[in-house]
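Remarks on the structure that follows.
The values are calculated or read from the model by the stated rules, or taken from the named source; none is laboratory data. None of the values given here were measured: they were computed from a predicted structure. Don't worry about glycine lacking a Cβ; one is built from the backbone with ideal geometry, like all the others, and counts go over all protein chains shown. Each accessible area value is taken on the protein alone, full model and side chains, heavy atoms only, with ligands, DNA and RNA left out. Shrake-Rupley method; radii C 1.70, N 1.55, O 1.52, S 1.80 Å.
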Amino acid sequence: MSTHPTPFETPGRRAARSALAQADLARRLGRLPVPPEAIPRLVRFVEDEVHAALEARAAEGFTAAEVEAAGGDAALVEALERRRAERERLAGLRRAGLDRLDRAELEQVVEQARRG
């Protein structure tokens, strides 16, 4: 399976906001009967709404009791908990802006954090 999206797929919530995506959205919104000066505000609004919906969807989950009631065993619950913890760590890194650093910059940040 290819790691690149087909024309009918989107990169999903892992994708960072991009100037190209914003320009594409602005072009599409420009087709609507709205004043041109409103387009940048509409772009921000749509992006914010989409990201909020994706975050809400990611936050939804099942409790351990619900997984067990559906037939899941302790190993599945443990795997799901590890995955949730990893997702939360990644979200924290993104909120801190560390996902935008190149490898050398990231190593420098890690080294500074180790030193205290």
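Measuring r between the beta carbons of HIS51 and ARG28 and using R0 = 22 Å, the FRET efficiency lands at 0.80. Residues in region 15-116 average 82 Å² of solvent-accessible surface per residue, probe 1.4 Å, ligands and nucleic acids excluded.
Remark on region 50-116: Rg and Dmax equal 16.5, 46 Å (Cα only).
Between ALA96 and ARG44, the modelled label-to-label distance comes to 2.8 nm, taking each label 7 Å out from Cα in the direction of the beta carbon.
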